[in-house]
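The values are calculated or read from the model by the stated rules, or taken from the named source; none is laboratory data. This structure is a prediction, so every number in the text was calculated from the model and none was measured. All Cβ positions, glycine included, derive from the backbone under ideal geometry; neighbour counts span all protein chains shown. For the accessible areas, the whole protein counts, side chains as well, though only heavy atoms, and no ligand, DNA or RNA atoms are used. Shrake-Rupley method; radii C 1.70, N 1.55, O 1.52, S 1.80 Å.
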Amino acid sequence: MDLNSLIKNKKLELKKCKTIVTNTLGQKYEEHNGIKRKLSFTGIPFVIDNKPDLQIAQIIQGLFLSSQDPIINKEILQKHKIRHILSIGIDVPVKFDDINYYYCELLDLPESDLIIVIKKCIRIIHKHRNENILVHCNAGISRSPAIIISYIMALQKISYDDAYNKVKNIRNCIKPNEGFVQQLKTLQLPTML
């Protein structure tokens with residue numbers, strides 16, 4: 001029996017099931033027996049995280065990384081002596097008087113142009129690092145780590161891989177999207193500081 005026949009026979013043994021797929025617009029489809037049918041229910045195109053991530057990671061002296069969850073918790077911010085918050089793609093819903101806020105628009109999509117945002121963010125981080133700056137995005141996994149990796153690359157004049165490993169060793173859940181990774185790997189940053 002050849003490989004194609006073996007695969008075909010194994011597929012016949014699989015249990016039939018329905019699969020619900022949600023596209024990037026939140027539209028839901030049901031797939032069953034190779035037939036795709038649009039469902040009338042439209043939801044949100046992402047998974048809602050109901051568990052707050054209140055961890056703030058100090059990457060280097062004066063530079064911190066987190067998700068959006070700690071930025072509304074005054075006690076956590078005071079514990080880390082945070083005086084500046086740089087929000088990447090997420091506007092802060094609650095602002096405290098003794099903290100300075102900065103915002104950079106960036107979608108977490110591989111095709112988003114990271115380079116334009118990096119220049120602005122690196123200047124903000126470098127100017128305020130001596131007073132503790134926290135960089136965050138929604139989950140602290142893709143956008144804000146990409147910004148912090150770019151800063152480490154520029155500051156320490158190291159490669160993407162070395163900067164990524166430094167940040168990953170401190171906040172192990174980071175995973176910049178593939179488009180950001182490719183842009184960072186080709187970036188020439190030493191002149192930005």
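Could you please give the count of residues in the range 140-157 that are part of a loop (DSSP other than H, G, I, E, B) and surrounded by 15 or more Cβ atoms within 10 Å (Cβ to Cβ)?
Within the range 140-157, the first condition is being part of a loop (DSSP other than H, G, I, E, B), and the residues that meet it are 140-142, 157.
Within this subset, residues satisfying the condition of being surrounded by 15 or more Cβ atoms within 10 Å (Cβ to Cβ) are 140-142.
Looking only at that region, the number is 3.
Of the residues making up the range 101-132, those that are over 19 Å from Gln58 (Cα atoms), β-branched (Val, Ile, Thr) and surrounded by 15 or more Cβ atoms within 10 Å (Cβ to Cβ) are Val117, Ile118.
Which of the residues belonging to the range 158-193 are open to solvent by 90 Å² or more (accessible area, probe 1.4 Å), outside any helix (DSSP H, G or I) and modelled with pLDDT of 90 or more?
Pass one, the range 158-193, residues open to solvent by 90 Å² or more (accessible area, probe 1.4 Å): 166, 169, 172, 175, 178, 182, 185-186, 188, 191.
Right, trim to outside any helix (DSSP H, G or I) and you get 172, 175, 186, 188.
Those that are open to solvent by 90 Å² or more (accessible area, probe 1.4 Å), outside any helix (DSSP H, G or I) and modelled with pLDDT of 90 or more: Asn172, Lys175.
Has the range 172-188 got any residue that is within 12 Å of the chain's Cα centre (by Cα) and among the hydroxyl-bearing types (Ser, Thr, Tyr)? Within the range 172-188, not a single residue is within 12 Å of the chain's Cα centre (by Cα) and among the hydroxyl-bearing types (Ser, Thr, Tyr). Only residues that are closer than 30 Å to Asp108 by Cβ and either open to solvent by 100 Å² or more (accessible area, probe 1.4 Å) or at pLDDT 80 or above (or both) were counted across the range 3-27, and they come to 3.
Cβ-Cβ distances below 7 Å connect the following pairs, each with a first residue in the range 149-164 that is assigned by the TED database to the domain that holds Ile124 and of a type in the set (Lys, Arg), a second residue that is modelled with pLDDT under 95 and assigned to a helix (DSSP H, G or I), and a separation of six or more residues or different chains: Lys157/Pro190.
Sort out which residues of the range 83-100 are open to solvent by 30 Å² or more (accessible area, probe 1.4 Å) and in a loop (DSSP other than H, G, I, E, B), and write them in order of number. Those that are open to solvent by 30 Å² or more (accessible area, probe 1.4 Å) and in a loop (DSSP other than H, G, I, E, B): Arg83, Ile90, Asp91, Pro93, Val94, Lys95, Phe96, Asp97, Asp98. The single condition among (1) of a type in the set (A, V, I, L, M); (2) in contact with a strand residue (DSSP E or B) (Cβ under 6 Å, 6 or more places away or on another chain); (3) more than 13 Å from Asn138 (Cβ to Cβ) that Leu6 does not satisfy is (2).
Scanning the range 34-82 for residues that are loosely packed, with under 15 Cβ neighbours inside 10 Å, part of a loop (DSSP other than H, G, I, E, B) and in contact with a strand residue (DSSP E or B) (Cβ under 7 Å, 6 or more places away or on another chain), which turns out modelled with the lowest pLDDT? Per the stated criteria, the residue is Pro45.
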